[in-house]
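J.: Have a look at this one.
Every number in this text was worked out from the coordinates using simple rules, so none of it is lab data. Just so it is clear, the structure is predicted and the values come from calculations on it, not from any experiment. No Cβ is skipped: glycine too gets one built from the backbone with ideal geometry, and neighbour counts run over all protein chains shown.
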Amino acid sequence: MKTKTITTITIVIIFIAVCIITIGCTAAFTYNDHTYIGTVTDKERINTEDGSYYLIFTEDIYGCMHVLKNEDNILRMKVDSSNIYGSLKIGETYNFTVIGYRIPLFSMYENILSIN
């Protein structure tokens, strides 16, 4: 009986820890707005088994290349990724508001929230 109680408490603690970590990571990737001013050098649509998204290749004023993802984000009420993709013109310069982090090891990109 005592072992069953300890096991139950351990499972509850692990569950709570996983929930806290998940919420923390979601907040870190969803609410860290920052901006880039960059010129679009290329763009493409990526199709996967789970759906599709867009990659936007940019160069900033210092000559640094940035690859930005453009996909919908329900938590931020962004549902116009196709419109953003269609409005971007290669060779034009935009002010990109993005969220997330670029982590090459996991093929993760910053996601475009809006353009000006």
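J.: Taking the stretch 41-74 as the region of interest, how many residues are closer than 14 Å to Gly100 by Cβ and among the basic types (Lys, Arg)?
T.: Going through the stretch 41-74 one residue at a time, the tally reaches 1.
J.: For a quick check of your reading: which strands (runs of 3 or more DSSP E) sit entirely within the stretch 1-112 and have at least 1 residues that are among the acidic types (Asp, Glu) and exposed (fewer than 13 other Cβ atoms within 10 Å of the Cβ)?
T.: Filter on the stretch 1-112 gives 34-48.
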